[in-house]
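The values are calculated or read from the model by the stated rules, or taken from the named source; none is laboratory data. Everything numeric in this text was worked out from a predicted model, so none of it was measured. Glycine gets a Cβ as well: all are built from the backbone with ideal geometry, and neighbour counts include every protein chain shown. Just so you know, the surface numbers come from the protein's heavy atoms only, side chains and all, with ligands and any DNA or RNA stripped out. Shrake-Rupley method; radii C 1.70, N 1.55, O 1.52, S 1.80 Å.
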Amino acid sequence: MTQAAVEARHFTLLLTASRRGARLARLLTERQLNAWGCPSGDAPHVVAELAANAVAHGRVPGRDFRLTLRLDAAGTLRIEVTDARGDRIPRIQDPGEHEESGRGLRIVAGCAERWGVAGAPSGCKTVWAELAPGRAEP
């Protein structure tokens, strides 16, 4: 049985660099993927982690963060979160057993086929993750 090719799709939105903006990014991801007829699976978790990092570590007062979703014809979903702090490059940490934070990128790495960081204009950075079609299943 062959899977029908998915038409390439693109969604991008600026959100306030706040906890509310991060929550909204997750909810909008679920809605957009549903509108595209694509199971959301791990995507909302990845968006939640990247958006939370953008708010916690990439925030500059008065500047927003950008969420971009790209679904290619093969069904691979690319998630990008661009924030205003290009000088703060995220890395996977090894938090202590009792630490409450520091595990977000481990979650992203576990859900994504691959992920990385790229420079963006105006001193910003984009943290991206790609989810293979099989990872889009709940």
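Screening residue 48 with (1) within 26 Å of residue 133 (Cβ to Cβ); (2) open to solvent by 40 Å² or more (accessible area, probe 1.4 Å) gives one miss only, at (2). Residues in region 10-62 that are of a type in the set (Ser, Thr, Tyr) and more than 24 Å from residue 73 (Cβ to Cβ): 16, 18.
Just to verify a result, which residue in region 3-21, among those that are in a strand (DSSP E or B), modelled with pLDDT of 95 or more and touching an Asp or Glu at 6+ places or on another chain (Cβ under 9 Å), is most open to solvent (accessible area, probe 1.4 Å)?
Checked region 3-21; the qualifying residue most open to solvent (accessible area, probe 1.4 Å) is 14.
Of the residues 70, 66, which single one is touching a His at 6+ places or on another chain (Cβ under 6 Å), part of a strand (DSSP E or B) and surrounded by 14 or more Cβ atoms within 10 Å (Cβ to Cβ)? Let's see the steps before the verdict.
Values: 66 fails: touching a His at 6+ places or on another chain (Cβ under 6 Å).
Checking each option against the conditions leaves just 70.
With respect to residue 27, is the statement that it is crowded, with 18+ Cβ neighbours inside 10 Å and either within 22 Å of residue 132 (Cβ to Cβ) or touching a Pro at 6+ places or on another chain (Cβ under 9 Å) (or both) true? No, not satisfied.
When you go through 96, 134, 86, 104 one by one, which is the residue that is within 13 Å of the chain's Cα centre (by Cα), farther than 20 Å from residue 11 by Cβ and either surrounded by 18 or more Cβ atoms within 10 Å (Cβ to Cβ) or modelled with pLDDT under 90 (or both)? Break it down stepwise before answering.
Details: 96 fails: within 13 Å of the chain's Cα centre (by Cα); 134 fails: within 13 Å of the chain's Cα centre (by Cα); 86 fails: within 13 Å of the chain's Cα centre (by Cα).
None of the other options fit; the residue is 104.
Residues in region 41-56 include none that are farther than 16 Å from residue 127 by Cα and without any contact (Cβ under 8 Å) to a residue 60 or more places away in the chain. With respect to the conditions (1) loosely packed, with under 14 Cβ neighbours inside 10 Å; (2) modelled with pLDDT of 90 or more; (3) hydroxyl-bearing (Ser, Thr, Tyr), residue 76 falls short on a single one, namely (1).
For region 73-89, enumerate the residues that are in contact with a Cys (Cβ under 8 Å, 6 or more places away or on another chain) and assigned to a loop (DSSP other than H, G, I, E, B).
Taking region 73-89 and keeping what is in contact with a Cys (Cβ under 8 Å, 6 or more places away or on another chain), we get 75, 77, 82-86.
Residues satisfying the conditions are 75, 84, 85, 86.
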